[in-house]
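The values are calculated or read from the model by the stated rules, or taken from the named source; none is laboratory data. Just so you know, these numbers come straight off a predicted model, no measurement behind them. Note that we place each Cβ from the backbone using ideal geometry, even for glycine, and neighbour counts take in every protein chain shown.
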Amino acid sequence: MSTSTPVPSTAVTEESRCPCLSGETYGNCCGRFHSGAATAPTAEALMRSRYSAFATGNVPYLLATWHPDHRPANLELDTGIEWRRLDILSTSGGGPLDNTGTVEFRAHYRQDGQRGTQQERSSFVRERGQWLYVEGR
């Protein structure tokens, strides 16, 4: 996902449909992770919450859920990208009893009136009970 200029947080309420398109409200899905009320129980849940953080411009959450060995010093999001849909293509590991996992996804966006997609296979690790994003390919 892109890095260039800051994105103001998109207006999402607790009752809004969650940007990750899980079918839940934001408050019952990614919002509880973003607020710190809960931590993602699986690698896929963390992937979804990170997508929602990109969609809402929640840079502090993105940095907090990035493994410290791979985390950038700062992160600026591209204001010209509107994240539209997340498709989870596959998962491997990453369950409640695992310590590592991968999630392959396709994120759909619009930029300058054009549609685009980003496909990535992301690696996650769980440390001290918290899932962290390691890297994507």
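A few remarks follow.
- All positions within region 89-106 that are among the aliphatic types (A, V, I, L, M) and surrounded by fewer than 13 Cβ atoms within 10 Å (Cβ to Cβ): LEU89, LEU97
This table checks each residue for (1) under 18 Å from SER49 (Cα atoms); (2) among the charged types (D, E, K, R); (3) in a strand (DSSP E or B).
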position: PRO72; (1), (2), (3): no, no, no
position: LEU77; (1), (2), (3): yes, no, no
position: ILE88; (1), (2), (3): yes, no, yes
position: THR91; (1), (2), (3): yes, no, yes
position: GLY101; (1), (2), (3): yes, no, yes
position: GLU104; (1), (2), (3): yes, yes, yes
position: ARG110; (1), (2), (3): no, yes, yes
position: GLY116; (1), (2), (3): no, no, yes
position: VAL125; (1), (2), (3): yes, no, yes
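- Any hit, region 60-71, residues being farther than 28 Å from THR13 by Cα, among the polar types (S, T, N, Q), at pLDDT 95 or above and under 15 Å from the mean Cα position of the chain (by Cα): no
- Selection over region 10-65 of residues that are among the aromatic types (Phe, Trp, Tyr) and either exposed (fewer than 15 other Cβ atoms within 10 Å of the Cβ) or in contact with a strand residue (DSSP E or B) (Cβ under 6 Å, 6 or more places away or on another chain) (or both) gives a count of 2.
- Hits in region 35-61 (condition: free of Cβ contacts under 8 Å to residues at least 24 places away in the same chain, within 16 Å of TYR133 (Cβ to Cβ) and in contact with a helix residue (DSSP H, G or I) (Cβ under 6 Å, 6 or more places away or on another chain)): ALA53
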